[in-house]
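As structure tokens, the structure follows; a few thoughts come after it.
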Amino acid sequence: MRDPSSGFSSGFSFGPEMPDELRLLCMLHNIGATESGRSLTLQQISEWTRMDTPALQSLLQKLKELGYVQFVKVDGADKYHLTLDGIRKVLSIYS
């Protein structure tokens, strides 16, 4: 079942207090999008996270503005991965 306000599937349990941007950051870390060689397309991220593309694009843009996500062009496709600051942010949740 989806939460219509966020685009996230309710199958993930990150707690109600975690903002959507942080949830996505954790998901990108967990699926391994942690360097340019492991960057994922919007479609791939959408499939992994079960998020609607418009909501996903908006969150990725916010994360980019915060310096947590980087966009790269690979063979004409936009791909996304965490920056070092994004990885640090995720790890700070667990420590």
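The table that follows gives values for the structure above.
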quantity	calculated
Dipole of segment 25-95, positive end: most advanced residue of 43, 84, 53 [Cβ charges, Cα centre]	84
For segment 64-71, Karplus couplings with θ = phi - 60° (6.51, -1.76, 1.60), whole Hz, Gly/Pro x	5, 4, 7, x, 9, 10, 10, 9
Pairs of lysine residues in segment 20-94 - Cα separation under 15 Å, sequence separation of 8 or more or cross-chain	4
In order through segment 72-78: 3J(HN,Hα) via Karplus (6.51 cos²θ - 1.76 cosθ + 1.60), integer Hz, x for Gly, Pro	9, 9, 10, 6, x, 9, 6
Extension gain from residue 31 to residue 84, taking 0.36 nm per residue of separation minus the Cα-Cα distance	17.5 nm
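Each reported figure results from applying straightforward, stated rules to the coordinates on display, with no laboratory input. What you see is a predicted model; the values in this text were computed from it and never measured. Note that each Cβ is placed from the backbone with ideal geometry, even for glycine, and that neighbours are counted across all protein chains shown.
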